[in-house]
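Bear in mind these aren't lab numbers, they're just calculated from the coordinates by the rules spelled out. All values reported here derive from a predicted model rather than from experimental measurement. Cβ sites come from the backbone with ideal geometry, for glycine too, and all protein chains shown count toward neighbours.
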Amino acid sequence: MYVLIGGAGLIGLSLAQRLVDLGHTVAIIDINPAACHYAREQLGVITFEGSAVSTEVLLEAGIRKADALVAVLRDDALNLAMVTLAKHYGVPHILVRMRHRDFAGPYRFAGATHVINAIELAVSTMVNVIEYPQVESIMHFEQGQIEVVKLPISGNCNVVGRSVAEVAQDPKFPQGSLIIGYQPQAHMDLMIPNGSTILEPESTVLVATKPGLMHEIIDFMQNCA
């Protein structure tokens, strides 16, 4: 994919590096000559020195052929302008980093396909670590309506040796929750389990649930004899 990034700050550069490592072609636009030089020499990306909300610069950077555009400029007003221009030039995937929640609606109206609130994401991650120290990770979907929790299963937990179907049919298993992923051992790939999959000791499960059921899921899955 050809990905165009507006902004060579910490997030923009880190994202560019990750995308390059994954084999994507990346171009960065920034008004800072030093940042462009670093991105070009150290990351191996294409750079365009100038304003990311200039139509001339965007056209030179190939916005018409971009598969995705990411706006991570220094403030929301500039990001909003870049999103609007990206929509105008037909970019199919438009991602934007939002600083203030007041811009959520304008970003969507302007054509952003993904709005990422970096501050809320960081705060949510910290809260989850404090609130659920037993959990390896939590992923949020549909504005927090669904959460996917990654839980380790120790050797003496009550679910060990039981099938996914048996666990799901247990009356104490929170209704509306579902085991959607299973990793038998840390060195093995994550798999999609079926009803006959047996939960082994020292394995890991992914469980989709509602936010209000998080403690119930943790207590049930990690209840040990």
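Once you have a ≥ b ≥ c as the square roots of the Cα gyration tensor eigenvalues for region 2-118, tell me rounded if a/c is under 1.5, and otherwise prolate or oblate according to whether a/b is larger than b/c. Kindly include the intermediate steps, with their values, before the conclusion.
On the way: a/c = 1.55, a/b = 1.43, b/c = 1.09.
Note, shape of region 2-118 comes out prolate.
Any idea what the relative contact order of the chain is, in percent, if you count C-alpha pairs under 8 Å spaced at least 6 apart? List each step's numbers first, then the result.
On the way: 423 pairs, mean separation 31.0, N = 225.
Computed over the chain, the figure is 14 percent.
Could you let me know the centre-to-centre spacing of region 15-67 and region 148-183, using Cα atoms, in angstrom?
Using only Cα atoms to place each centre, the spacing works out to 45 Å.
What is region 1-67 by shape, rounded, prolate or oblate, if you read a ≥ b ≥ c off the alpha carbon gyration tensor as root eigenvalues and call it rounded for a/c under 1.5, prolate for a/b larger than b/c, and oblate otherwise?
Verdict is oblate for region 1-67.
Give me the net charge for the shell around TYR2: Cβ to Cβ below 13 angstrom, other residues only, Lys and Arg +1, Asp and Glu -1.
On the way: positive: ARG64, LYS65; negative: ASP67.
With Lys, Arg at +1 and Asp, Glu at -1, the neighbours total +1.
How big is the dipole moment of the chain about its Cα centre under a simple scheme where the beta carbon of each Lys and Arg is +1, that of each Asp and Glu is -1, and everything else is neutral? Debye, nearest 20, please. List each step's numbers first, then the result.
Working: 14 positive and 22 negative charges, 95 e Å.
Approximately 460 debye in magnitude.
How fast does the chain diffuse by Stokes-Einstein, in µm²/s, taking the Kirkwood radius from C-alpha pairs at 4 °C and 1.567 mPa s? Mind showing how you got there, number by number?
Details: Rh = 20.0 Å.
Stokes-Einstein gives a translational diffusion coefficient of 65 µm²/s.
In nm, to one decimal, how far is the modelled label at ALA165 from the one at ASN223, with both set 7 Å along Cα→Cβ?
2.2 nm
Once you list every other residue whose beta carbon is under 13 Å from the beta carbon of SER177, what net charge do they have if Lys and Arg are +1 and Asp and Glu are -1? Let's see the in-between values first.
Numbers: positive: LYS172, LYS210; negative: GLU147, ASP170, GLU216, ASP219.
Summing Lys/Arg as +1 and Asp/Glu as -1 gives -2.
Go ahead and run the numbers for FRET between THR55 and LEU10, Cβ-Cβ distance against an R0 of 22 Å, rounding to 0.05. Walk me through the numbers before you get to the answer.
Values: r = 27 Å, r/R0 = 1.22.
It comes to 0.25.
Sorted by average packing, counted as other Cβ atoms within 10 angstrom per residue and highest first, what order do 207-217, 166-176 take?
Packing proxy ranking, top to bottom: 207-217, 166-176.
Suppose the chain between HIS37 and MET126 were pulled fully straight at 0.36 nm per residue; how much longer would it get relative to their current alpha carbon spacing?
Going from the current span to full extension adds 28.6 nm.
Counting only complete DSSP H runs, which helices of the chain cover 15 Å or more along their long axis at the Cα atoms and score a mean Kyte-Doolittle of 0.0 or above? All intermediate terms of the calculation are to be shown ahead of the outcome.
Working: long enough: 10-21 (17 Å, 1.08); 76-88 (18 Å, 0.62); 118-131 (19 Å, 1.35).
Answer set is 10-21, 76-88, 118-131.
What distance in nm lies between label points placed 7 Å from Cα along the C-beta direction at ARG74 and ASN194?
Modelled inter-label distance: 5.8 nm.
Tally Lys and Arg at +1 and Asp and Glu at -1 over the other residues with C-beta under 13 Å from the C-beta of HIS24: what net charge comes out?
Values: positive: ARG18; negative: ASP21, ASP67.
Surrounding charge for HIS24 is -1.
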